[in-house]
Structure formats: structure tokens, C-alpha cells
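I have placed the structure first, in the form of C-alpha cells, so that the comments after it can refer back to it.
The values are calculated or read from the model by the stated rules, or taken from the named source; none is laboratory data. Keep in mind that what you see is a predicted model, and the values were worked out from it rather than measured. Positions of Cβ are backbone-derived with ideal geometry, glycine not excepted, and every protein chain shown enters the neighbour counts.
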Amino acid sequence: MVGINTDIVNTEIEHYGEDITLLGVSSATYSDWGDVSQTTSSSSIKAIYNVYGKGAEYQTEGEFTEGEVTFFIKSTTQNIDNDSEILRSNGERYKVRDHRDHSLFGTSYVREVLVNRV
């Protein structure tokens, strides 16, 4: 069986990626009135910022729309959950709405994080 060297992808993310801050909710409790009290955590990671667009020879594939923003991060990155937030160094803030592991021959080599701008 053929394997994929995930170190190559991780090196590319480290080399070409930008520094972002990942803001996650560690725990949350709710009062009788529905007010939330939550504990958050933050970590600095590297990610490749991506905006999907139509090319000259556009063919419909997948479920991405023009202008959709995603981040590519290492497949080993932890604490990526829906409703986590990503903060770019330029101050742009994004809320995570989904994430997808891209794999080949059963090995996850990169994680794509789908976001909405806050």
C-alpha cells in the first residue's frame, strides 16, 4: 500500500502559512436564565488562508461557492470545533462552521477549516 508523507504538507504550511490565533471554548455552563459562562483557550498556529474563486475554465465540482473563505492547517491540530474562532494578524475574525480532513490511502494529510467572517 502506498503511503503519504504528511511531513511535506506540514513543512509547506509552516513555510507559507501565516500566524493565526485559534480561540476555542474549553467549557460552557448555562444559568437558569440561559446566560452562558464559558472558559476559552487560545493557541497560535500556522495556517494557509484561501479564498475560492472561479477560474476561466470553471467546472462545477464539490460544494464550494465563489468567495468562500477557508484555512488549511496541519492535520494534527487539536481543538478545532464548530463555533471556535480564528483571528488573523490583520484583525479579521472568523467563526468556524465546519472542518474537513483531507486524506489519501487512509492517512489524513491536511485539515481544511470552513469559516464565516464575524
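Just so you know, in the stretch 66-93 the residues that are under 14 Å from D19 (Cα atoms) and free of Cβ contacts under 8 Å to residues at least 40 places away in the same chain include one that is nearest to the chain's Cα centre (by Cα), and it is R93.
Got at least one residue in the stretch 84-93 being more than 13 Å from V115 (Cβ to Cβ), surrounded by 16 or more Cβ atoms within 10 Å (Cβ to Cβ), touching a Gly at 6+ places or on another chain (Cβ under 9 Å) and at pLDDT 85 or above?
Start the filter on the stretch 84-93 by keeping residues that are more than 13 Å from V115 (Cβ to Cβ), which leaves 89-91.
The next check asks that each one be surrounded by 16 or more Cβ atoms within 10 Å (Cβ to Cβ); those that pass are none.
No, there is no match, as no residue in the stretch 84-93 is more than 13 Å from V115 (Cβ to Cβ), surrounded by 16 or more Cβ atoms within 10 Å (Cβ to Cβ), touching a Gly at 6+ places or on another chain (Cβ under 9 Å) and at pLDDT 85 or above.
State whether the residues of the stretch 22-31 include one that is touching a Leu at 6+ places or on another chain (Cβ under 7 Å) and modelled with pLDDT of 75 or more. I'd like the intermediate steps shown before the answer.
So in the stretch 22-31, the residues touching a Leu at 6+ places or on another chain (Cβ under 7 Å) come out as 23.
Among the residues that remain, those that are also modelled with pLDDT of 75 or more are: 23.
Scanning the stretch 22-31, I find at least one residue that is touching a Leu at 6+ places or on another chain (Cβ under 7 Å) and modelled with pLDDT of 75 or more, so the answer is yes.
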